[in-house]
Amino acid sequence: MFCYRHPKVETFLRCQKCERPICTDCSRVSVVGSRCPECATNKSSPLFQVGADRLALGALAGVSSSFAIGWLLFFLSGLGFFLIWGGLLGGGAVGEAVLRTIRRKRGSKVEIMTGVSALVGMVLAFCAWYGTRAGGMDPEAMLGFLHMRPYSLVAAGIVIFSAVSRVRFF
């Protein structure tokens with residue numbers, strides 16, 4: 001029997017998952033035994049395979065939940081330092097909403113989608129909240145507001161970070 005990747009190398013070792021013959025150079029030691037390089041990666045796991053329809057639903061859940069959290073945080077922007085705790089809790093809620101929508105799938109696509117959707121939701125929440133509060137969308141006045149209350153911006157960043165951290169697979 002010869003290794004499927006190295007046809008000139010004789011072996012008696014087989015992958016524990018797909019049963020293909022592998023040599024000692026190709027084998028990857030895992031908890032269940034030796035595996036070939038393709039079976040040893042996490043990308044072959046169904047946990048990391050997310051369909052486009054589920055990603056779109058997850059993005060919608062991320063944008064809508066981060067919009068609601070962002071609206072609440074900008075409404076409570078006078079609390080100062082306590083917004084950081086709100087950002088931590090709100091980001092966890094955004095990440096959990098995304099995870100429940102995509103059926104607890106993980107991976108880099110899910111992390112990127114969660115970060116982008118949380119960012120978009122926070123920006124939309126700030127624009128909507130400021131537009132109703134000030135009656136207009138003057139960019140200079142919006143930057144002035146963020147300059148006067150920097151904890152709002154820090155809390156928005158923490159929401160994004162915490163949401164991505166919630167969907168990460170350790």
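From the list G115, G121, G157, G136, the one residue that fits, being loosely packed, with under 13 Cβ neighbours inside 10 Å and either in a helix (DSSP H, G or I) or modelled with pLDDT under 90 (or both), is G136. G78: out of contact with any strand residue (DSSP E or B) (no Cβ under 7 Å at 6 or more places or on another chain) and surrounded by fewer than 15 Cβ atoms within 10 Å (Cβ to Cβ), yes or no? Yes; evaluated as a whole, the condition is true for this residue. Would you mind stating whether S117 is of a type in the set (S, T, Y), within 18 Å of F169 (Cα to Cα) and under 11 Å from the mean Cα position of the chain (by Cα)? No; evaluated as a whole, the condition is false for this residue.
Could we say that E111 is within 23 Å of V154 (Cβ to Cβ), without any contact (Cβ under 8 Å) to a residue 12 or more places away in the chain and assigned by TED's automatic domain parsing to the domain that holds I69 here?
Numbers: within 23 Å of V154 (Cβ to Cβ): yes; without any contact (Cβ under 8 Å) to a residue 12 or more places away in the chain: no; assigned by TED's automatic domain parsing to the domain that holds I69: yes.
No: the conditions fail for E111.
The listed residues are R149, R166, and the only one of them that is closer than 28 Å to P46 by Cα, in contact (Cβ under 8 Å) with a residue 24 or more places away in the chain and charged (D, E, K, R) turns out to be R166. When each of L79, L143, L153, L83 is tested for being within 21 Å of the chain's Cα centre (by Cα) and aliphatic (A, V, I, L, M), the lone residue that passes is L153.
Selection of helices (runs of 4 or more DSSP H) fully inside segment 1-106 by the criterion of at least 1 residues being in the same structural domain as A156 (by TED's automatic domain parsing) and within 24 Å of L146 (Cβ to Cβ) returns 52-75, 83-101.
The values are calculated or read from the model by the stated rules, or taken from the named source; none is laboratory data. All figures in this text were calculated on a predicted structure; none of them were measured in a lab. Note: ideal-geometry Cβ built from the backbone for every residue, glycine included; neighbour counts use all protein chains shown.
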